1. Sticking to Cα atoms, compute the Rg of segment 21-65 to one decimal and its Dmax as the biggest Cα-Cα distance, whole number, in Å.
2. Which whole-angstrom value gives the distance between the alpha carbon centres of segment 11-48 and segment 51-112?
3. Using a simple spin-label model with points 7 Å from Cα along the Cα→Cβ vector, what separation in nm is obtained for R75 and K60?
4. With all pairs of different alpha carbon atoms counted, what Kirkwood hydrodynamic radius in Å does the chain show?
5. Okay, helix-only estimate at 222 nm for the chain: each DSSP H run of n ≥ 4 adds -39500 (n - 2.57), divide by all residues, round to 500 deg cm²/dmol; what do you get?
6. Note down the relative contact order for the chain as a percent, whole number, built from C-alpha pairs under 8 angstrom at least six residues apart.
7. By average Cβ neighbour count within 10 Å, what is the ranking of 61-69, 116-124 from highest down?
8. Using Cα positions and a limit of under 27 Å, work out the lysines in reach of K23, with same-chain residues fewer than 8 apart set aside.
Amino acid sequence: MRKHILVVDDEPAILYTLSFVLKHAGYRVTQARDGQEALTAILKTRKKSRPFDLLLTDIKMPRMTGIELVDELHRRQIWLPVFVVSGLNDADLRKRLQRRGCTDFLLKPYDFRELVERIHRMLQEPARPVAIQTDNAGVHMVP
């Protein structure tokens with residue numbers, strides 16, 4: 001059965017292009033235009049027998065950002081590999097994303113071959129749940 005990827009981006013051209021490339025790479029693709037739409041899609045597929053295998057998301061989006069989406073998934077204990085693509089070249093952002101359990105990050109603009117290769121590698125390994133604890137010292141990963 002083909003792996004199912006949820007692609008989230010508020011720019012229609014990017015959303016279309018990513019979906020096109022991933023479909024031609026052999027993946028099943030569902031699109032969402034922002035984090036809120038993505039969360040709704042994730043919750044719907046969890047009720048079915050075929051949830052998403054990967055979340056591919058932008059960061060800056062209306063209604064719910066990519067970081068807010070990842071935080072909400074963790075709050076609901078929904079474990080899903082997360083691949084972030086963003087035009088924001090910010091080391092602090094990358095660290096924050098890693099602390100939130102994001103598996104991979106790619107800076108826009110990117111090479112589609114590299115994106116597909118990295119997604120393929122991610123989906124070859126079983127997803128490992130990552131729990132996050134927050135205390136006065138900040139956010140911590142719990143193995």
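1. For segment 21-65, the Cα radius of gyration and maximum Cα-Cα distance read 11.4, 31 Å.
2. 14
3. Label-label distance for R75 and K60, simple model: 2.4 nm.
4. On the way: mean 1/r = 0.0653 Å⁻¹.
In the chain this quantity evaluates to 15.3 Å.
5. That calculation yields -12000 deg cm²/dmol at 222 nm.
6. Relative contact order of the chain: 20 percent.
7. Details: 61-69: 19.0, 116-124: 15.0.
The most tightly packed comes first, giving 61-69, 116-124.
8. Once the sequence-local lysines are set aside, what remains near K23 is K3, K44, K47, K48, K60, K108.
A short reminder: the numbers here are calculations on the coordinates, not readings from a lab. This structure is a prediction, so every number in the text was calculated from the model and none was measured. All Cβ positions, even for glycine, are placed from backbone atoms using ideal geometry, and neighbour counts span all protein chains on display.
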